[in-house]
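Have a look at this one.
The values are calculated or read from the model by the stated rules, or taken from the named source; none is laboratory data. Just so it is clear, the structure is predicted and the values come from calculations on it, not from any experiment. Note that each Cβ is placed from the backbone with ideal geometry, even for glycine, and that neighbours are counted across all protein chains shown. What goes into the accessible areas is simple: the full protein's heavy atoms, side chains included, and nothing from ligands, DNA or RNA. Shrake-Rupley method; radii C 1.70, N 1.55, O 1.52, S 1.80 Å.
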Amino acid sequence: MRISARADYAVRAVLELAVRQGGDPVKAEAIAAEQDIPHKFLEGILGDLRRGGIVDSRRGGGGGYRLARDPAAITVADVIRAVDGPIVSVRGERPTGLSYTGTAQPLLPLWIALRANVRRILEGVTIADIAADALPAPVKELAAEPAAWENP
């Protein structure tokens, strides 16, 4: 499983908007500076997030970005899908679109199970959870396992 730089930056940008919710729109330059994200790269990400219904934008001197929905209604999965597409893919395809024959047949349920577990985590954590430093208990428990921090 690989989280792209694009997905990581997108989640960080949305989190930055969440903690500034209620104020003036936030300029891309401010998000880039606060989160140490390359500005030009961030502009493309914010465009994807706007098209995905995660953020709204306003042009002009008082313009910038803000969340399109309450942070409690935006999951990490929503953000990743907006910038990267499907959460888990195999050779660029969704696992449900695959078929295997012969000895490779057991791979399909393995990929489906992997997708289900990744979705369970990413769909179960909202931007509000992260902003409040209040990850759900199952996520905290998984992260607390020493093996989770080891690189095999």
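Looking at segment 96-128 only, could you name the residues that are in contact with a helix residue (DSSP H, G or I) (Cβ under 8 Å, 6 or more places away or on another chain), closer than 30 Å to Leu17 by Cβ and open to solvent by less than 50 Å² (accessible area, probe 1.4 Å)?
Selection gives Arg115, Leu122, Gly124, Val125, Thr126, Ile127, Ala128.
Give me a count of the residues in segment 29-41 that are surrounded by fewer than 20 Cβ atoms within 10 Å (Cβ to Cβ) and touching a residue at least 12 places away in the same chain (Cβ under 8 Å).
First pass over segment 29-41, keeping only residues surrounded by fewer than 20 Cβ atoms within 10 Å (Cβ to Cβ): 29-30, 33-36, 38-41.
Among the residues that remain, those that are also touching a residue at least 12 places away in the same chain (Cβ under 8 Å) are: 30, 34-35, 41.
Total satisfying the criteria: 4.
Just one of Ala143, Ala134 is assigned to a helix (DSSP H, G or I) and over 13 Å from the mean Cα position of the chain (by Cα); which is it? Quick ask: steps written out before the conclusion?
Working: Ala134 fails: assigned to a helix (DSSP H, G or I).
Just one listed residue meets the conditions, Ala143.
Could you please find all residues in segment 45-81 being at pLDDT 95 or above and either exposed (fewer than 13 other Cβ atoms within 10 Å of the Cβ) or assigned to a loop (DSSP other than H, G, I, E, B) (or both)?
Selection gives Arg51, Gly52, Gly53, Ile54, Ala68, Arg69, Asp70, Ala73, Ile74.
Within segment 2-18, identify whether any single residue is exposed (fewer than 14 other Cβ atoms within 10 Å of the Cβ), in a helix (DSSP H, G or I) and in contact with a helix residue (DSSP H, G or I) (Cβ under 9 Å, 6 or more places away or on another chain), and answer yes or no.
yes
A further question on this structure: Cβ contacts < 7 Å: first residue on the phi < 0 side of the Ramachandran plot, restricted to segment 99-110; second residue among the hydrophobic types (A, V, I, L, M, F, W, C) and in a helix (DSSP H, G or I), any location; separation 6+ or different chain. Result?
Tyr100/Leu107; Tyr100/Leu108
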